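Worksheet: one structure, shown below.
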Amino acid sequence: MEKCCIINNMNKRADKMIIISKKEHKRSKGRYTAAFCFLLALLLFLMACNFGIGSISIPLRDVIDSLRGLEIEDTYENILWQIRMPRAIAAAVLGGALGLAGYLLQTFFHNPIAGPFVLGISSGSKLAVALVMVFLLGNRIRVGSGTMIVAAFIGAFLSMGFVLIMSGKVNSMSMLIVSGVMIGYICSAVTDLVVTFAQDADIVNLHNWSKGSFSGITWNNVAVMSVVVFLTTTVILWLAKPIGAYQMGEGYAASMGINLRRLRVMLVLLSSLLAACITAFAGPVSFVGIAVPHLVKQLFQTAKPIIMIPACFLGGGVFCLFCDLLARTLFAPTELSISTVTAIFGAPVVIIVMLRRKKERG
């Protein structure tokens, strides 16, 4: 009789646990849905603001009419379709790619302040693109989008290789970050020398690009970057389960039958490709890759890759659209570099993360 009572009590507890688990799952699902809707609505709102706001304001009605295929004033039409739309779409796509690259690097190094800019990967891409453009433009050879991405990828991969070599030599993660910062400074210094002594007018314009900017983006650029980022993001989503296991620890991932070497190689290649795509078209953009993953984690209250991957992409797009809008309009007609604005909003996030980490260790 006592055994029957014990079994019944255990069954009741198990049923309660299942009910609680189901309720928690529903709450989490509702929270994720609400957060995704919030980010998507914010993205569309900022996209509309970027279309209409500038030195010449375009009424929202004209923007909507133009998108519907109706005729509007020629000046508005040209500004909207030739300048603002490709720029806004590029900011959303490249911002999303930058947020995703930061998430991959933070996962790979198990470090909350790892990112393309901090580790010197963006600077390596910048140097490679600058050298290629100077050489080709100096010989009157036009540079295509594909060439720029390949050059940027080689630079990013070489910088990432240096960081990986250093990670095998030093045990301290802080020393690894310092090494990345140093390689970034070296690459930036060499790039500045290349740009300073360039003579051709097209090459001199590299100075603005080297500071980070979404200006001058064409529809051809948008098409190329969208294809590269879409394919890369698809592969990353396919790796969501292995990445989730890797977050639990290398021992756990190995016990689940995951090839750790292959996964590490994929994380390096994919993060380098995303960083290269960003640098090729917009130059180095700072702090987005570090700040966005942390902001997204706070919003969604989870670290699950299947949620974080699309969330980081949306969050990066929102962050860069907001910063680009400020860069264009804050001191118009003077335009700030995108890195200046992203640093203002991204750097405090990094400081807060470091203080929290120190507090947790204490």
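Laboratory data are not the source of any read-out in this text; all were calculated from the coordinates shown. Keep in mind it's a predicted model, so treat the numbers as computed, not measured. Heads up, the Cβs are rebuilt from the backbone with ideal geometry, glycines too, and the neighbour counts pull from every protein chain shown.
For Phe214, the residues 5 or more places off, or on other chains, whose built amide H falls under 5 Å of its own are Ile338.
Just list whichever of Lys126/Lys169; Lys126/Lys211; Lys169/Lys211; Lys169/Lys241 have alpha carbons separated by over 20 Å in the model shown.
Numbers: Lys126/Lys169 26 Å; Lys126/Lys211 10 Å; Lys169/Lys211 32 Å; Lys169/Lys241 30 Å.
Correct reply: Lys126/Lys169; Lys169/Lys211; Lys169/Lys241.
Backbone phi angles across segment 37-47, fed through the Karplus curve with coefficients 6.51, -1.76 and 1.60 (θ = phi - 60°), yield HN-Hα couplings of 4, 4, 5, 5, 5, 5, 4, 5, 4, 5, 4 Hz in residue order; Gly and Pro are listed as x.
So what's the projected area for segment 50-190, the Cα convex hull averaged over all directions, in nm²? Can you show the working numbers first?
On the way: hull surface 46.7 nm².
Spelled out: convex hull of the Cα atoms, projected over all directions, averaged, 11.7 nm².
Grab the beta carbon distance between Cys49 and Phe135, set R0 = 41 Å, and tell me the FRET efficiency rounded to 0.05. The calculated FRET efficiency here is 0.55. Summary of the geometry: segment 69-91 and segment 267-322, compared by the centres of their Cα atoms, lie 26 Å apart.
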